[in-house]
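Engineer: Got a structure for you, questions after.
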Amino acid sequence: MNKTQVHYTKPEERRWYVVSATDATLGRIAARIAHVLRGKHKASFSPHIDGGDFVIVTDVDRIRVTGNKLRQKLYYRHSGHPGHLKSEELRHLLDRRPGEVMMRAVRGMLPHNRLGARMLKRLRVYTGAAHPHEAQQPLPLP
């Protein structure tokens, strides 16, 4: 192959996976989800290519955390105005928006660039057991 030829790999089709977060530890399930979103479970994995799959997380309101994280772990957000940095404990954020906790945990395990942002768009989070993706015939998470 000379310099003018470029070798492309054939893109694999993206699969859909579903996982229930009932009684699962937050960090452990987030690591498994990030692994699939990046495509590291495939033999054709390459760190600079977005070859991951879709992941559906159900029952995210029943997630479990260990230790004193419910009181000690803080989530921050800033409005952009001076003096408007807000902090919120994990237990309050779980009550208010449980899907946000899962999204933030997975986002921290993905690359912090445009590629990671594209990977995060393939994550679907739902509070109940029902989800609108039955037509994609999701498989259980490996």
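Here, each number is a calculation from the coordinates, and none is a lab measurement. Note that the coordinates shown come from a computational prediction; the quantities given were computed from them, not determined experimentally. Don't worry about glycine lacking a Cβ; one is built from the backbone with ideal geometry, like all the others, and counts go over all protein chains shown.
Engineer: Rounded to whole Å, give me the distance from the Cα center of the range 76-103 to that of the range 50-69.
Structural biologist: Taking the Cα centre of the range 50-69 as reference, the centre of the range 76-103 is 17 Å away.
Engineer: Can I ask one more? What are the ³J(HN,Hα) values, in whole Hz, obtained from phi via the Karplus relation 6.51 cos²θ - 1.76 cosθ + 1.60 with θ = phi - 60°, for each residue of the range 51-66 in sequence order, with x given for Gly and Pro?
Structural biologist: x, x, 10, 7, 10, 10, 10, 10, 6, 6, 6, 9, 5, 10, 10, 9
Engineer: Taking the beta-carbon count within 10 Å as an exposure proxy, list Lys86, Lys69 from fewest neighbours to most.
Structural biologist: So the residues, fewest neighbours to most, are Lys86, Lys69.
Engineer: If you don't mind, there's one more thing I want to ask. Could you work out the local net charge near Ala30, counting Lys and Arg as +1, Asp and Glu as -1, over the other residues with Cβ closer than 10 Å to its Cβ?
Structural biologist: That works out to +4.
Engineer: If you compute Cα Rg over 2.2 N^0.38 Å for the structure shown, which of (1) 1.22; (2) 1.17; (3) 1.13 do you land on?
Structural biologist: (1)
Engineer: Please give the helix 26-38 orientation as an angle from the longest Cα principal axis of the chain, in degrees from 0 to 90, rounded to the nearest 10.
Structural biologist: Long axis of 26-38 versus the principal axis of the chain: about 20 degrees.
Engineer: Which percent, nearest 5, of DSSP beta bridges in the chain are antiparallel?
Structural biologist: The antiparallel proportion sits near 30 percent.
Engineer: Follow-up question, since we're still on this one. Taking 7 Å along the Cα-to-C-beta vector as the label spot, tell me the Lys42-Lys86 distance in nanometres, rounded to one decimal.
Structural biologist: In this crude spin-label approximation the distance works out to 3.8 nm.
Engineer: Using the basic label-point model (7 angstrom from Cα toward the beta carbon), what is the His35 to Ile49 distance in nanometres?
Structural biologist: In this crude spin-label approximation the distance works out to 2.1 nm.
Engineer: What residues have an amide H closer than 5 Å to that of Leu141, excluding those fewer than 5 places away on the same chain, when H is modeled at 1.01 Å from N in the peptide plane?
Structural biologist: When sequence neighbours closer than 5 places are left aside, the close amide H contacts are Val18.
Engineer: Starting from 0.36 nm per residue, how many nanometres of slack lie between Leu70 and Leu139 once their C-alpha separation is accounted for?
Structural biologist: Additional length available on full extension: 21.7 nm.
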